[in-house]
Amino acid sequence: MPTQNETFLPGLGERLKEERKRLALSQEEFAERAGVKRLAQLQYEKEIREPRTSYLAALGAMGVSLGYVLFGKEPSDRTLAPEATRRIEKKIFDLIDEYAATQCNGVLSSDERFVLFEVMRAHCIQAELNGRNSEEEAVTFIPKSA
């Protein structure tokens, strides 16, 4: 029986399925492009199994909205000024570098960096659009050292 996914919001599997259908791909085609077997894709969509970072990175490269799939954040038609977006992106790069240096012995794969960046960027831009402090929001993604 599927267990409730504690890392992501409930509905991850359904949102993943919606994105697959939006791209007009079968489970098998979607799985192949994402580098997994159809069974793994089925398990992700049923929330039986949690996706790996490499899978999420492949989804981002396919044009899947990671912010939506992982957290249920709908893409917004509103956009930030380029300067604000650049400021947010720079802060996120700095936080990821700091996290890699202090928590991962300096080792964080490009796939892991990509997924962290995409998710943090989507979340922080949405926060900024909603009048919240995006820098404070970005810091919440980085686990504190024990």
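With each label modelled as a point 7 angstrom along the Cα→C-beta vector, the R33-S109 pair spans 2.1 nm. In a DSSP loop and with at most 10 other Cβ atoms within 10 Å, the trypsin sites (Lys or Arg not before Pro) in the range 21-89 are R78.
By its C-alpha gyration tensor, with a ≥ b ≥ c as the square roots of the eigenvalues, how is the range 82-139 shaped: rounded for a/c under 1.5, else prolate for a/b larger than b/c, else oblate?
Numbers: a/c = 2.34, a/b = 2.06, b/c = 1.13.
Prolate is the answer for the range 82-139, as a/c is 1.5 or above and a/b outweighs b/c.
Checking the cross-link pairs K37/K73; K17/K91; K21/K46; K17/K37; K46/K73 against a 23 Å limit on the alpha carbon distance flags K37/K73; K17/K91 as lying beyond it. For G11, no residue 5 or more places off, or on another chain, has a built amide H under 5 Å of its own.
Length gained on full extension, T85 to E136: 16.9 nm, using 0.36 nm per residue less the C-alpha separation. Of the Cα atoms belonging to the chain, the radius of gyration and Dmax stand at 15.9, 47 Å. Charges were assigned to the Cβ only: +1 to each Lys and Arg, -1 to each Asp and Glu. The resulting dipole of the range 12-65 about its Cα centre is roughly 40 debye.
Along the axis of the charge dipole computed for the chain (Cβ charges of +1 for Lys and Arg, -1 for Asp and Glu, origin at the Cα centre), the listed residues A24, V139, C104 are led at the positive end by A24.
How much mean residue ellipticity at 222 nm does the chain get from its helices, if each DSSP H run of length 4 or more adds -39500 (n - 2.57) and you divide by all residues, to the nearest 500 deg cm²/dmol? It would help to have the intermediate numbers written out before the result.
Numbers: 8 runs with 91 residues, N = 146.
After summing the helix terms and dividing by the residues of the chain, the value is -19000 deg cm²/dmol.
Pairs of Cα atoms under 8 Å, at least six residues apart: use those to get the relative contact order of the range 82-139, whole percent. Walk me through the intermediate numbers first.
Values: 35 pairs, mean separation 23.4, N = 58.
Worked out over the range 82-139, it gives 40 percent.
Each residue of the range 18-27 was assigned a 3J(HN,Hα) from its phi angle through the Karplus curve 6.51 cos²θ - 1.76 cosθ + 1.60 (θ = phi - 60°); the sequence is 4, 5, 4, 5, 4, 7, 6, 10, 6, 4 Hz, with glycine and proline shown as x.
Read-outs throughout are calculated quantities, based only on the coordinates presented, and are distinct from any laboratory measurement. These numbers come from a predicted model, not from an experiment. Backbone-built Cβ (ideal geometry, glycine too); neighbour counts: all protein chains shown.
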